[in-house]
Amino acid sequence: MLDRLNAIYPVRYTALALSVFFALLSLFALLGFGSGGWWFLLFGGLSAVGWWDMTQSQRAVLRNYPIIGHLRYMLEKVRPEIRQYFLESDTEATPFSRSQRSLVYARAKGETDKRPFGTQLDVKARGYEWINHSLTPTSIASQDFRTTIGGPACSQPYEASVFNISAMSFGSLSANAIQALNAGAQRGGFAHDTGEGSISSWHRVNGGDLIWEIGSGYFGCRTDEGMFSEEKFKANALDAQVKMIELKLSQGAKPGHGGMLPGAKVTAEIAAARGIPEGKDCISPSSHSAFSSPIELLQFIARLRELSGGKPTGFKLCIGQPWEWFAIARAMIETGITPDFIVVDGGEGGTGAAPLEFTNHVGAPLQEGLHLVHNTLIGLNLRDRIKIGAAGRIVSAFDVLRAMALGADWCNSARGFMFALGCIQAQTCHTGHCPTGVTTQDPVRQQALVVPDKATRVFNFHNKTLHALKELVQAAGLEHPNDITPNHIVRRVSEHEVQLLAKLMPNMAPGALLDETAALHDVFKLYWARSTAESFALT
């Protein structure tokens, strides 16, 4: 029957028809009896909306379903919130689960992070991992675990915490967020990576240790033409607050992809920090102009270290083509120049907004990238000269310990500290409409983020995560997180089989890449001999 009626009169137009009917009825009441004015405004307005819906040309749903079609767009708008608050389970990660976020919130607020009634994880699921504990646990006096970063050519080594704030730029984050992060870092004695947006005035307010990240746009150390400027670099690098220099080759959020900050978003503060004209489009190229080969890259690293007064200098990358990384490693052997550190950024990282294809399908995940870099350095007998940092979806003490088992000397977290600031994973970072004031330049919105309160939360999150890390290290019978190895981590590979991480991801024998007779993993067999220090290209 409905089909017959629909053939005569499209039922989907009922909302519009009723609006027109009641608008006419209320107009009659208004003219005849002097009442019903508000009803006329309501139904007259709905009629106008329905007429606009039918005549506009951009949205087919509204042309076919005037007025009621807007419900579709309203529900689509709130779908992420409905899913997050009502539908997803505590352990469903998209990209961070409610359980992970709740852990950060609890630690940041100084609340209990204990949970009763056992694990919510499926211990029989493939991929489930645990750490083997000891019957003779240790007792560690301090949770302030540190690692010394600085190789033979470094004259100002840095004692870094094993857990630091990963790269997030001012411009991506609000001024209040930057202040709170740096104040928390200063209080807790850990490092704050500036991101490639350079050092803003907000980074300097509280005096927390900075890792200055330099990207392909050379923000904070560029000429008017966008090339690298030694004079401007030196002016920032010699600042006592800057503890390390990090050259960004690529990032996990969008490796191999440049970017542009529209001129409308280039405020006076951002322009001053980056050394660019206010109100003009700001381009971040996809590659560097200061070098074009692995050897030139290392020479540039050495020059940055010299200009900075001998501070630890290294680079960050997300592993892509393995032979390009091998080419850099070969250049270390040929030139004798080594970075003081390498930060491996996993492809699952993502505070930076990126095209979905890049977010989902470009760049090696942290596990594989970290393992490759760690093994390459072992195979060249360079591992003791170069420290490795790891970043990519790290928020808990187990995340830290697992990364260190795979070869990291320290870990960085971006989104973990965003949660500590109050981020609710609304995933509107790129719109400027962040509901908590973390990722916006709107002066009204960022007032929601109260710096002293959130600085305390940043400190608490770091402090309590290190406390949990200490308890894990003690339970394993060890003295320091750097003592953890893949032999301590077990992974379920099927319902009835588990294996040590050491068997699934074995370490290379020291010096194996210098020994032509050594047995190598397939990736080294395929690409090591075809890489060259003179070029990033495959020979």
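The values are calculated or read from the model by the stated rules, or taken from the named source; none is laboratory data. Treat the numbers as computed from the prediction; the structure is a model and nothing was measured. As a convention, Cβ positions derive from the backbone with ideal geometry for all residues, glycine included, and neighbour counts pool all protein chains shown. Accessible surface areas use protein heavy atoms only, side chains included; no ligands, DNA or RNA. Shrake-Rupley method; radii C 1.70, N 1.55, O 1.52, S 1.80 Å.
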Query - Subset of the range 143-161 that is touching a residue at least 60 places away in the same chain (Cβ under 8 Å) and under 16 Å from Leu466 (Cα atoms) - its residue that is most open to solvent (accessible area, probe 1.4 Å) - result: Asp144
Requested in this report: Quickly run through the range 366-408 and pick out the residues that are hydroxyl-bearing (Ser, Thr, Tyr) and open to solvent by 10 Å² or more (accessible area, probe 1.4 Å).
Outcome: Ser396
Query raised in the report: For the subset of the range 205-263 comprising residues that are among the hydroxyl-bearing types (Ser, Thr, Tyr) and at negative phi, which member is most open to solvent (accessible area, probe 1.4 Å)?
Result: Thr223
Query raised in the report: Mind checking which residues of the range 288-311 are in contact (Cβ under 8 Å) with a residue 60 or more places away in the chain, surrounded by 17 or more Cβ atoms within 10 Å (Cβ to Cβ) and either acidic (Asp, Glu) or farther than 16 Å from Ser229 by Cα (or both)?
Result: Ser293, Pro294, Ile295, Lys311
Report task. Considering only the range 207-326, give the helices (runs of 4 or more DSSP H) lying wholly within it that have at least 3 residues that are modelled with pLDDT under 95. Result -> 268-274
Requested in this report: Would you please list the contacts, defined by Cβ atoms under 9 Å and residues six or more apart or on different chains, that run from a residue in the range 230-242 that is farther than 15 Å from Thr194 by Cα to a residue that is of a type in the set (A, V, I, L, M, F, W, C)?
Outcome: Glu230/Cys221; Glu230/Leu307; Glu231/Cys221; Lys232/Cys221; Lys234/Cys221; Lys234/Leu307; Ala235/Cys221; Leu238/Leu307
Query raised in the report: In the range 364-403, how many are within 12 Å of Leu317 (Cα to Cα) and free of Cβ contacts under 8 Å to residues at least 40 places away in the same chain?
Result: 2
Query raised in the report: Residues in the range 343-363: is at least one without any contact (Cβ under 8 Å) to a residue 60 or more places away in the chain and surrounded by 24 or more Cβ atoms within 10 Å (Cβ to Cβ)?
Result: no
Query raised in the report: For the range 442-457, does any single residue satisfy the condition of being open to solvent by less than 50 Å² (accessible area, probe 1.4 Å), charged (D, E, K, R) and under 21 Å from the mean Cα position of the chain (by Cα)?
Result: yes
**Report entry** Sole exception among (1) modelled with pLDDT of 95 or more; (2) in contact with an Asp or Glu (Cβ under 8 Å, 6 or more places away or on another chain); (3) over 30 Å from Glu269 (Cβ atoms) for Gly189, by number
**Finding:** (3)
Query raised in the report: Which one of the conditions (1) out of contact with any Leu (no Cβ under 6 Å at 6 or more places or on another chain); (2) open to solvent by 50 Å² or more (accessible area, probe 1.4 Å) does His488 fail to meet, given that it meets all the rest?
Result: (2)
Query - helices (runs of 4 or more DSSP H) contained in the range 332-440 and holding at least 2 residues more than 23 Å from Asn176 (Cα to Cα) and not basic (Lys, Arg) - result: 356-361, 366-379, 397-405
Report summary line: Cβ pairs under 9 Å, 6+ apart or interchain, first in the range 509-521 and under 18 Å from Trp323 (Cα atoms) and open to solvent by less than 40 Å² (accessible area, probe 1.4 Å), second part of a loop (DSSP other than H, G, I, E, B) and small (Gly, Ala, Ser), ordered by first then second residue, are Ala512/Ala518; Ala512/Ala519
Query raised in the report: Do we have Leu5 as surrounded by 14 or more Cβ atoms within 10 Å (Cβ to Cβ) and among the hydrophobic types (A, V, I, L, M, F, W, C) here?
Result: no
Report task. Just need a number here: residues in the range 318-328 that are closer than 22 Å to Trp410 by Cα and either crowded, with 23+ Cβ neighbours inside 10 Å or of a type in the set (Phe, Trp, Tyr) (or both). Result -> 4
Query raised in the report: Among the residues of the range 26-47, is any closer than 30 Å to Cys423 by Cβ, open to solvent by 30 Å² or more (accessible area, probe 1.4 Å) and not polar (S, T, N, Q)?
Result: no
